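For reference, the structure discussed in these notes is given below.
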Amino acid sequence: FFISSDGSAVVEHTSQVVYLNDGELACIGPDGLHVTTTDAIPVHKEVTELEMTLEQIQLDGYEHHMLKEINEQPASLRDAMRGRMHQGQVWLGGLQVIDREWARCQRLMLTGCGTAWHAGLIGEYLFEELARIPTEVQYASELRYRNPIVEEGTLAVAISQSGETADTLAALHEVHTKGATVLGLVNAVGSTIARETDAGIYLHVGPEIGVASTKAFTAQVAVLTLMAIDLGRRRHLSAEYTAEILAELEQLPDKVAAALDLDAQCAALAKRLTERDNWLYMGRGINFPVALEGALKLKEISYIHAEGLHAAEMKHGPIALVDLDMPVIFVAALDSTYEKVLANIEEVNARGGRIIAIASKGDTRLEGLAEEVIYVPASHPLLSPILTTVPLQLIAYHAALERGHDVDKPRNLAKSVTVE
C-alpha cells in the first residue's frame, strides 16, 4: 500500500487508488485495508483507476514540466473539447444530471483562487455576452467569510485544477448550504470538489506538474466558453451564430500551436528586460483578466514584481509608475476595446514607457508605438484570451530561466493549496 496526497506521486507503482472523504480513517495492516468514520463505523470504499499514466508525468525530453505543459496546450485543448461539440451544438454530459437547473438558472456565481479566479473573470464576460445571464466572480477565500446572497435559480461554479483547494471547497459548502446548485470545473478526477458538487465537468488535460498553471488555465477558459455557448443557445443564440463560434473554437488548438512558434521572440524579450524589477501588464474587456494572469505568472516563477491593471484605470494613479525603465505589456487584441487600448498605449508612449504589445496578426497600427509587438493568430474576439495568454506564459518562463530560478518548484508555493 502507498499513502499519498495525490495520484501522480504513486502512478509509477500502481494505477488503483482509494479516495478518503473528510471524517474517514484508513487502517492499513497485514490483513489489508479497512476504512471507518471517525466514529468507528465501517465504510465500504470502491477502488478507482487512475486516468493518468507514468508517461504523462515524465519530462519527455523537455527541460521543465512547465515548458512541456505550455507546449501541450494544443493537445490539451483538443482533449478538453473532445466529444463536447457535435454538428454545431454543445454536449456537456457532466451537466445532464442537473439539466433542469442548468437550463433555468437565473444567476451565476463563479469562484476560485489565483489562476482559477482569472479563468472565472473571463467566464464572467463569456456568460454575460453569450448567455445574457448576470454573473459574478468571487475570490473563494472571501466568499467563505461573507454572507452571500443566494436566490432561487442561483448556480455556482467552483473552479480548481486540483479539486482540493481548501478555500474553494469551503466556498462551495457555504453557497450549497444556502441552496445554490453547485458545479465543479476541475482537472483531477476523483478529487474532493468533483465528489462534493451536484454535477461538473472534467478538463481532461492530464496531470499538471508545474506549480504555475498553464494548460489547465486555457482548458478552463475553453470549457467555460462551451458552457456559455450551451446556455446561450438554450436562450437566445441563433443556430447560425452558435455554429460560427464553435467552428472558431475548433480552430483554436491549431492557432495555439502557431502561437507557440513565438517562443524564440519571447525568450529574446525576456533576456533583454529581465533585469527590470517592476513590470506592468494592462488589458481591457475580456483580455483584462489575461493581464492579471500574465502578471501572476511572472511573479510566481521569476519573482519579478508585476501588476496586472485595467488599462482604463491607468490614468487614475498607476501611470505615475511609468518611466523609461518600466516594461509595460499591453494585451491589444482586435476586439471592441481595441481603440481604447490604443489610446492607453499612446499615453504610456508619451511618457517614455517601454511598451510591449500582444496583438492580433494583421494589425499594423502598433508598429510605431510599441518597442516590440508580439503577434498571435487572429480569432473571434471572445476566444482571444486563450491565444494572448500563450506569449505571456513563455515570457514568464524565460524570465525565470534568465534569473536562474527553479521553474517547476517556485519558492513558497505548492501545487495544491490545501490550507487556508
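The values are calculated or read from the model by the stated rules, or taken from the named source; none is laboratory data. Quick caveat, the model's predicted, so the values are computed rather than measured. Neighbour counts run over all protein chains shown; Cβ positions are idealised from the backbone, glycine included. Side chains included, ligands, DNA and RNA excluded: accessible areas come from the protein's heavy atoms. Shrake-Rupley method; radii C 1.70, N 1.55, O 1.52, S 1.80 Å.
General observations
- Scanning the range 23-72 for residues that are open to solvent by 60 Å² or more (accessible area, probe 1.4 Å) and modelled with pLDDT of 95 or more gives no hits.
- Every test in (1) in contact with a Gly (Cβ under 8 Å, 6 or more places away or on another chain); (2) touching a residue at least 40 places away in the same chain (Cβ under 8 Å); (3) part of a loop (DSSP other than H, G, I, E, B); (4) not β-branched (V, I, T) is passed by E164 save one, and that test is (1).
- Yes/no for A156 being small (G, A, S), buried (at least 17 other Cβ atoms within 10 Å of the Cβ) and closer than 27 Å to S8 by Cβ: no
- Selected residue (criterion: farthest from D408 (Cα to Cα)) from residues of the range 250-278 that are of a type in the set (G, A, S) and touching a residue at least 12 places away in the same chain (Cβ under 8 Å): A258
- Any hit, the range 188-205, residues being among the hydroxyl-bearing types (S, T, Y), over 17 Å from M227 (Cα atoms) and open to solvent by less than 30 Å² (accessible area, probe 1.4 Å): yes
- Any hit, the range 248-269, residues being at pLDDT 95 or above, crowded, with 16+ Cβ neighbours inside 10 Å, out of contact with any Leu (no Cβ under 7 Å at 6 or more places or on another chain) and farther than 26 Å from V373 by Cα: no
- Residue in the range 347-368 that is within 21 Å of L292 (Cα to Cα), surrounded by fewer than 17 Cβ atoms within 10 Å (Cβ to Cβ) and of a type outside the set (V, I, T) present: yes
So that you can scan it fast, the table gives a plain yes or no per residue for (1) under 13 Å from the mean Cα position of the chain (by Cα); (2) among the polar types (S, T, N, Q):
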residue: A119; (1), (2): yes, no
residue: N147; (1), (2): no, yes
residue: V175; (1), (2): no, no
residue: I193; (1), (2): no, no
residue: P207; (1), (2): no, no
residue: T214; (1), (2): yes, yes
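- Within the range 132-142, the set of residues being part of a helix (DSSP H, G or I) and surrounded by fewer than 22 Cβ atoms within 10 Å (Cβ to Cβ) comprises S141, E142.
- The set of residues from the range 215-249 being touching a residue at least 40 places away in the same chain (Cβ under 8 Å) and polar (S, T, N, Q) comprises T218, Q220, T225, T242.
- Reported count of residues in the range 279-337, each being without any contact (Cβ under 8 Å) to a residue 40 or more places away in the chain and either in a helix (DSSP H, G or I) or over 22 Å from the mean Cα position of the chain (by Cα) (or both), is 14.
- Contacts under 9 angstrom Cβ, first residue in the range 116-136 being touching a residue at least 60 places away in the same chain (Cβ under 8 Å), partner among the acidic types (D, E) and open to solvent by 10 Å² or more (accessible area, probe 1.4 Å), 6 or more apart: A131/D230
- Filter result (small (G, A, S) and over 37 Å from the mean Cα position of the chain (by Cα)) within the range 26-42: G29, G32, A40
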